[in-house]
1. Considering the dipole of segment 95-142 built from charges on the beta carbon (Lys and Arg +1, Asp and Glu -1) around the Cα centre, which of ILE102, PHE139, LEU126 is farthest to its positive end?
2. Connecting C-alpha atoms closer than 10 Å in a GNM of the chain, tell me which of VAL175, VAL145, VAL153 has the biggest fluctuation.
3. Give me the one-decimal nm value for the distance between modelled label points at ALA43 and LEU128, 7 Å along each residue's Cα-to-Cβ direction.
4. Provide the packing ranking of 61-72, 91-102, 13-24, i.e. peptides ordered by the mean count of other C-beta atoms within 10 Å per residue, highest first.
5. If contacts are Cα pairs under 8 angstrom and at least 6 residues apart, what is the relative contact order of segment 1-92 in percent?
6. Multiplying the sequence separation of VAL143 and LYS36 by 0.36 nm and subtracting their Cα-Cα distance, what value in nm do you get?
7. Set the Förster radius R0 to 35 Å, insert the Cβ-Cβ distance between LYS158 and LEU117 as r into 1/(1 + (r/R0)^6), and round the FRET efficiency to 0.05.
8. Pull up the cross-link candidates among the aspartates and glutamates for LYS112, meaning alpha carbon to alpha carbon under 14 Å and not fewer than 8 places away within one chain.
Amino acid sequence: MEAGVHYGYSRTRRHPTVTKFIYGTKDKVDIIDLEKTVPQIEAAANFLQGLGASGKTVFFVGVKPESRNAIHEVSSLLKQPYVTERWIGGILTNFGEIKRRIQKLEDLREKKASGELAKFTKKEQLLLQREEERLNKYFGGLVGVNKLPDAIVVVDSKKEHIAVAEARKSNIPIVAIGNTDCSIREIDYPIIANDSSASSIAAILGILKDAFQG
């Protein structure tokens, strides 16, 4: 409650699949039943604990501004891949092409570090720098990834519906924090909670992080 995990959206935005997780409505705003959210967090944590103990890979996905810092912090501590900018379609369903872009970014980084780019003209160096910045923006969190993840953790499954759809199509388990406007039909480990508060997101991701670390 201190982190604001219980705050939902207006009743008019409620998705039918989350009705049983609503404690009540105050001033037309749904209040999430934390006694039902806690077991969901525990189930997701137990699942991730197993993955962490087995050395598996998990993608952390959270593009909305409220989630970026927490996603970056948690994934960095766990040394796991992450996406905090726009989800590029095909990251899971067309991984071969995405892998080529990641390798291109890695190649540019290596050439920059070795001073190899100095042989190009200033104009060419500028173009290569812009390409590196663009690739880094969207794929920087995926550097080093050479295979599909064993699971994904998503903040706001409605906003990240493309990531959810791709994971489902690729048979990749999904852990998702979703507010009262989210459907839980396609989610393996749903966590009904406030997904628009940095404190709420950080609190839940912190628990999941600790579980993954074991």
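Bear in mind these aren't lab numbers, they're just calculated from the coordinates by the rules spelled out. In this text, all values refer to a predicted model and were calculated from it rather than measured experimentally. Reconstructed Cβ throughout: ideal geometry from the backbone, glycine too, with neighbour counts over all protein chains shown.
1. LEU126
2. Among VAL175, VAL145, VAL153, the largest mean-square fluctuation in the Gaussian network model of the chain belongs to VAL145.
3. Computed distance between label sites ALA43 and LEU128 equals 5.1 nm.
4. 61-72, 91-102, 13-24
5. Details: 78 pairs, mean separation 17.3, N = 92.
In percent, rounded to a whole number, it is 19.
6. Working: separation 107, 0.36 × 107 = 38.52 nm, distance 3.68 nm.
Additional length available on full extension: 34.8 nm.
7. Numbers: r = 42 Å, r/R0 = 1.20.
Efficiency computed from Cβ-Cβ geometry: 0.25.
8. GLU124, GLU131, GLU132, GLU133
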